[in-house]
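To start, the structure under review is shown below, and the notes come after it.
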Amino acid sequence: MPTSFFLALSAIMFVLGILGVLLRRNALVIFMSLELMFNAANLAFVTFANQYQLLTGQIFVFFIMAVAAAEVAVGLALMVAIFRNKGSVDIDQLNSLKG
Amino acid sequence: MTLIGIIFYGFLAIVAIVSAVAMLLNRSAIYSALFLVLNFATIAVLYLALGAPFIAFTQVTVYAGAIMILFLFVIALLGAEKLSGHEPIKGQRTMAIVLGLIFVVELVLFLIFRNQGIQPMLALTQDFASPQKIGIAMFTQYLLPFEVVAFILLSATIGAIVLTRVEKPARLGAARGKK
């Protein structure tokens, strides 16, 4: 299987993640789309680690996973706090900063 | 690559893409989360195929296990699985699809214009990415980033606790009373 197969899959998943962030208005689904993009990037990392026979790519995937876990913890805490204040996680209702 | 291999990888790729699209299109956030779990599991199998067993199992435990369970708990806790489907910003959907297409075109152009042939995957040695090798590299060459990640996780934990703490009005009143 050529490397480009995995890179193409990674690119398609990244684009689907972008579409999810742009299209959906449920903040939780936007978060999930972000995770999808993280995964696409991780897949590209592992593919290049395989291509160049370097372990560095895989170790960075591990670090990215740890940082993604931290990001999810803080993000979901923010979601809960926003839901307490606004009663919804619809991002269209979070327009208090609009002038 | 044999025909069976092509069918296997093609099937995995199709499952990954279909579950990602299903996650995107599903109205219910719970179903979206479950489709994302399927996607993560598929990607974990692809990691195994790419010679990264450690990353594959980390993917299953950390992503499909911990992170998505956290998502499901929050969705169940907030009861926010369904939102109305109306479109408040005019033309948001078309604009989003156009922007996505522009990104695809950029990727394809990059792939065409970069001066590097695409080689087939190399055969890896048996212990290329064994947990032992990853551990040695992580605790010698990458010790500092490892410690930094530990602090990031600690601060994220503290941040999550502080953000979700309920402010007690009684304590606030007591503080005001002291003044």
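The values are calculated or read from the model by the stated rules, or taken from the named source; none is laboratory data. Quantities reported herein were computed from a predicted structural model and do not represent experimental measurements. Neighbour counts run over all protein chains shown; Cβ positions are idealised from the backbone, glycine included. Keep in mind that these areas ignore ligands, DNA and RNA; they rest on the heavy atoms of the full protein, side chains included. Shrake-Rupley method; radii C 1.70, N 1.55, O 1.52, S 1.80 Å.
Values for this structure:
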{"read-out": "Accessible area buried between chains A and B, both sides summed, probe 1.4 Å, in Å² to nearest 100", "value": "6800"}
{"read-out": "B:THR164-B:LEU48 FRET efficiency (beta carbon distance; Förster radius 41 Å; 0.05 resolution)", "value": "0.70"}
{"read-out": "Residues of segment B:54-70 with amide N under 12 Å of the 7 Å Cα→Cβ point at A:VAL80", "value": "B:70"}
{"read-out": "Within the protein assembly as shown, helix-based [θ] at 222 nm, where runs of 4 or more DSSP H residues each add -39,500 (n - 2.57), nearest 500", "value": "-25000 deg cm²/dmol"}
{"read-out": "Lysine pairs meeting the criterion (Cα under 24 Å, 8 or more apart or interchain), as found in the protein assembly as shown", "value": "8"}
{"read-out": "Dipole of the protein assembly as shown [Lys/Arg +1, Asp/Glu -1 at C-beta], most positive-end residue of A:LEU16, A:LEU78, B:THR140", "value": "A:LEU78"}
{"read-out": "Cα gyration tensor shape of segment A:3-93, rounded if a/c is under 1.5, else prolate or oblate by comparing a/b with b/c", "value": "oblate"}
{"read-out": "Segment B:1-59 versus segment A:56-95: alpha-carbon centroid distance in Å", "value": "22"}
{"read-out": "Distance (nanometres) between label positions extended 7 Å along Cα→Cβ at B:PHE8 and B:ASP127", "value": "2.4"}
{"read-out": "Nitroxide proxy distance, nm - points 7 Å out along Cα→Cβ at B:VAL148 and B:THR94", "value": "4.5"}
{"read-out": "A:SER88-B:ALA22 FRET efficiency (beta carbon distance; Förster radius 22 Å; 0.05 resolution)", "value": "0.35"}
{"read-out": "GNM top mover of A:ASN85, A:ASN42, A:ASN26 - chain A, alpha-carbon springs below 10 Å", "value": "A:ASN85"}
